[in-house]
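Read-outs: derived from the displayed coordinates by stated rules, not from any lab. Since the structure is predicted, the reported quantities are computational estimates derived from the model, not experimental observations. Methodologically, a virtual Cβ is constructed for each residue, glycine included, from the backbone with ideal geometry; neighbour enumeration extends over all protein chains shown.
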Amino acid sequence: MVSRLYSSIMDATSRIAQEWLTIGELAEATGVAAATLRAWESRHGFPQAQRTPRGHRRYARSEVEAVRDVVRLREDGLQLENAVALTLEARTQAPAAVYPEVVRRHPAERPQQLRKLSLLGLSWAIEDEVAASGARGHLFGAFQSWRNFSFARDRWDELARTARSTHVYALDGEVASTAALHAVHLEADAPMVREWTVVHDSPELPVALAAWELPGQGALPDRDRVFESVWTLDPAAVRDAARLCASVAAGRGDPDARDLLQGPLAGSPTGAGASPGTATRLAQRALAYVEAGHR
């Protein structure tokens, strides 16, 4: 009995030991020199090591594939910090919604409650500004249902014609992707189904509107539905919103969204951002639409 128990313990200990690698073994398995791995860990906290009581590094076997992923991304032209960030992000489940993550990551963006009529005006104002500016960015829009999108289809087809990429999101339906416009079909329980989102990521015109429909509004007229909303011209917040949108599309199997995450949307935004007059023009456009809607 004791002998069998001892043998079982030793077998378990052996299996556990096999799950951990020394830095030399990790270097051999990945082709990345141990000195380079130490430098990566010092600068970027990657690869993630556990320490033995004597201070020796030990790495989980999952770090082998993670290091290889970084190497592949570097070979694709990404800077090391961006390759590491993408690899670490891929370890966790991508956020399934945009609005709560933007608010969490950017607390300076103050949410406000807007009725659907106001959101429509602001959305159209953003679309008009994007079209008028000539900026060619990466465009994302969440419409809740494809019926809602059908009313905006002509506008978005025109925007997609000059955008670098365009993704639209709604509950499962019959809308098909085109060469210029990617339709991302959401499941009924997807958090993004409750969202209203317009995001345009470009160096000269970063702008994002993210909103979440408050629950319990089934009895309200459609135009009076209320959404908790933020809109921003901050390039960092816009980049996060764009990456969140792209992550949802990539999670639904869109290869172009994956390419966006590894390329144009990787790292920090560049460029001067929106001009000082952009916010004023957006507000004026939105106000004009809202006023026209009240007539």
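Values for this structure:
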quantity: Under Karplus coefficients 6.51, -1.76 and 1.60, residue-wise ³J(HN,Hα) of segment 198-204 in Hz, glycine/proline x; calculated: 9, 10, 10, 10, 8, x, 8
quantity: Calculated from backbone phi, Karplus (6.51, -1.76, 1.60) coupling profile of segment 168-177 in Hz, x at Gly/Pro; calculated: 10, 10, 6, 4, 2, x, 9, 5, 9, 6
quantity: Structure-based [θ]222 nm, the chain - -39500 (n - 2.57) summed over DSSP H runs of at least 4, per residue, nearest 500; calculated: -16000 deg cm²/dmol
quantity: Size of charge dipole - segment 99-294 - debye, nearest 20, with Cβ of Lys, Arg +1 and Asp, Glu -1, no other charges; calculated: 260 debye
quantity: Qualifying trypsin sites (Lys or Arg not before Pro) for segment 28-68 [loop in DSSP, other Cβ within 10 Å: at most 11]; calculated: Arg54
quantity: Interchain or long-range residues, amide H under 5 Å from Tyr169's placed H; calculated: Gly141, Ala142, Phe143, Val184
quantity: Evaluated at q = 0.12, 0.18 Å⁻¹: base-10 log I(q)/I(0), Debye formula over Cα of segment 180-295; calculated: -0.55, -1.08
quantity: Förster-model FRET efficiency, 35 Å R0, Arg136 and Ser62, C-beta, rounded to 0.05; calculated: 0.35
quantity: In order through segment 251-266: 3J(HN,Hα) via Karplus (6.51 cos²θ - 1.76 cosθ + 1.60), integer Hz, x for Gly, Pro; calculated: x, 8, x, 7, x, 5, 5, 4, 5, 4, 5, 8, x, x, 9, 7
quantity: Pairwise FRET efficiency - Ala180 versus Arg72, Cβ, R0 = 22 Å, nearest 0.05; calculated: 0.15
